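**Q** Below is the structure I would like to discuss, written out as structure tokens.
The values are calculated or read from the model by the stated rules, or taken from the named source; none is laboratory data. Computed from a predicted structure; not experimentally measured. Cβ coordinates were reconstructed from backbone atoms using ideal geometry, including for glycine residues, and neighbour counts include every protein chain displayed. The accessibility values were calculated without ligands, DNA or RNA, using every heavy atom of the protein model including side chains. Shrake-Rupley method; radii C 1.70, N 1.55, O 1.52, S 1.80 Å.
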Amino acid sequence: MLRGDEGPGVQKAMEIVAALGRIYGAANLVPVASVQIAGVSYKNLGDAGVEFLRAWAQRGARVRVPAMLNPMGMEADRWQEMGISPDFARPQLEVVRAFTQMGVTPTLSCTPYLLAYAPHAGDHLAWAESSAVIFANAVLAARSNREGGPSALAAAIAGRTARYGLHLDEGRRGTHWVEVRCPVRGVPDFGALGYLVGKGISAGVPYFTDLAGQLPPLSEDVSFGGEAGDSLKTMGAAMAAYGNIALYHIAEYTPEAKDAGAALAPPSGAPRLVIDSLDTAYAVMDRDTDVRRIDLVSIGCPHASYNELAQIAEYLDGKRVKTDLWVTTARLTRERAAAAGLVARIEGAGGHVVADTCTIVAPIQTLGVRTMATNAAKTACYAPSHSKVAVRYGSLARCLDAALTGEWR
Ligand code: F3S
């Protein structure tokens, strides 16, 4: 491949994989079970990114393992309805075309583990979306480093990635003890905890000593979400957004920590982070406290699970929203929810169940949005800088109340 025997597109892919291997001192490569590629929105790629992908596709490269895409900047077939301009839509569709030409499946979701693509324990992956990488590593015991956009695509074309970091047993051992001494209840609290750990540790593998008691049992089937899965989805996304963290363990709870016992615990002298209040996290994420009027309520970061869609449908039954409500989710999750009547119930109340995108990668500032309410810590992290909006952060019920009244109460 490196010699170019399989053509220039494959050669380029292997050059990237080999270069990363050299930089990180990998002894060899490891075949990957699947790849997930981030950096899909035209908002982030710009014209140079579109050109780069088009050129790579024209060199005849094809992926050789299942490969999926992160959300793009709009819904594929309802972008006009969303108010997206053709100047954005045209290059955005071209990006997806270049990826599909190379054999990538346009899942356009950051939660491939909720779809038909959940990895198995021990699978080696080359995933790029930070919230998906940490879920796959911590909750599903798969093995992935946090890939960049081009390196994930290169791994998909080469079918393998450099074996270093979280692919190795020694890279998966805890590096920091984390003690949680305050109650953690519901999704926004877990987001707040993820913020504090991400900020407090910044890089490494946190090992929670006593969090298991605050979580319901972890179901084997994560594909529909659920209280534990939804909380961990949010906590991991926050940890990865506010810190460079791609794996954590919860003693006696997450699968690897359960199997390996003390072998994955940090050395006894490792740094210890003690969390006795979530207040500072709320003060940072619910930052624009003078904002009362809400233009857009954003739920579904990472993309909403079936379970979350069911909760929203139940809350909205018989009611009518006053402000814009976007529930962003994977197309496949939306199909499942539509079949059960959940989408009709949410949209009947005036909300939108939006697939393929999210309020961070869509150009929402061009849609006149200035204030946003969310229950997602990662959205609270990125929305002010990426989308230039003021943010209120709180529970799902509080966000839905804002959708019904137009006010943060
Ligand atoms: Fe997913 Fe967008 Fe959040 S890609 S993790 S919904 S910022």
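**Q** Name the pairs: first residue in region 268-285 and at pLDDT 95 or above, second residue open to solvent by 60 Å² or more (accessible area, probe 1.4 Å), Cβ to Cβ under 6 Å, at least 6 apart or on different chains?
**A** 276/181
**Q** Suppose we filter region 1-44 for residues that are free of Cβ contacts under 8 Å to residues at least 60 places away in the same chain and on the phi > 0 side of the Ramachandran plot; how many remain?
**A** 2
**Q** Yes or no: region 151-173 includes at least one residue that is buried (at least 24 other Cβ atoms within 10 Å of the Cβ) and within 16 Å of the ligand (Cβ to nearest atom).
**A** Within region 151-173 (the criterion being buried (at least 24 other Cβ atoms within 10 Å of the Cβ) and within 16 Å of the ligand (Cβ to nearest atom)), the answer is yes, since at least one residue qualifies.
**Q** Separate question: Inspect region 308-316 for any residue being surrounded by 24 or more Cβ atoms within 10 Å (Cβ to Cβ) and outside any helix (DSSP H, G or I) and give the result as yes or no.
**A** no
**Q** Pick out the one residue from 330, 304, 339 that is within 15 Å of the ligand (Cβ to nearest atom) and more than 17 Å from residue 400 (Cα to Cα).
**A** The match here is 330.
**Q** At least 2 residues that are of a type in the set (A, V, I, L, M, F, W, C), out of contact with any Lys or Arg (no Cβ under 9 Å at 6 or more places or on another chain) and open to solvent by 40 Å² or more (accessible area, probe 1.4 Å) in each: list the helices (runs of 4 or more DSSP H) lying fully within region 1-106 that qualify. Before the answer, list the steps.
**A** Numbers: elements: 8-23, 42-58, 79-82, 86-101.
Hits in region 1-106: 8-23, 42-58.
**Q** Sort out which residues of region 266-302 are under 25 Å from residue 230 (Cα atoms), in a loop (DSSP other than H, G, I, E, B) and more than 25 Å from the chain's Cα centre (by Cα), and write them in order of number.
**A** 276, 277
**Q** Need the failing condition index for residue 130 against (1) away from the ligand (no atom under 16 Å from the Cβ); (2) open to solvent by less than 30 Å² (accessible area, probe 1.4 Å); (3) touching a Lys or Arg at 6+ places or on another chain (Cβ under 7 Å), just the number.
**A** (1)
**Q** Let me ask you something else. Does region 133-148 hold any residues that are closer than 20 Å to residue 22 by Cβ and either away from the ligand (no atom under 16 Å from the Cβ) or in a helix (DSSP H, G or I) (or both), and which are they?
**A** Correct list: 145 only.
**Q** Taking residue 126 as meeting all but one of (1) more than 15 Å from residue 152 (Cα to Cα); (2) touching a residue at least 60 places away in the same chain (Cβ under 8 Å), write down the number of the exception.
**A** For residue 126, the failing item is (1).
**Q** In addition: I'm checking my understanding of the structure. Among residues of region 377-401 that are open to solvent by 10 Å² or more (accessible area, probe 1.4 Å) and within 10 Å of the ligand (Cβ to nearest atom), which one is nearest to residue 188 (Cα to Cα)?
**A** It comes out as 378.
Each row is one residue, and each column tells you yes or no for (1) in contact (Cβ under 8 Å) with a residue 60 or more places away in the chain; (2) at negative phi; (3) among the hydroxyl-bearing types (Ser, Thr, Tyr).
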| residue | (1), (2), (3) |
| --- | --- |
| 195 | yes, yes, yes |
| 214 | no, yes, no |
| 217 | no, yes, no |
| 222 | yes, yes, no |
| 230 | yes, yes, no |
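**Q** Please list, ordered by first then second residue, the pairs with beta carbon atoms under 9 Å, 6 or more apart or interchain, first in region 345-365 and without any contact (Cβ under 8 Å) to a residue 24 or more places away in the chain, second within 14 Å of the ligand (Cβ to nearest atom).
**A** What qualifies is 347/353.
**Q** Report, by residue number, each residue of region 220-251 that is at pLDDT below 95 and farther than 23 Å from residue 375 by Cα.
**A** 220, 221
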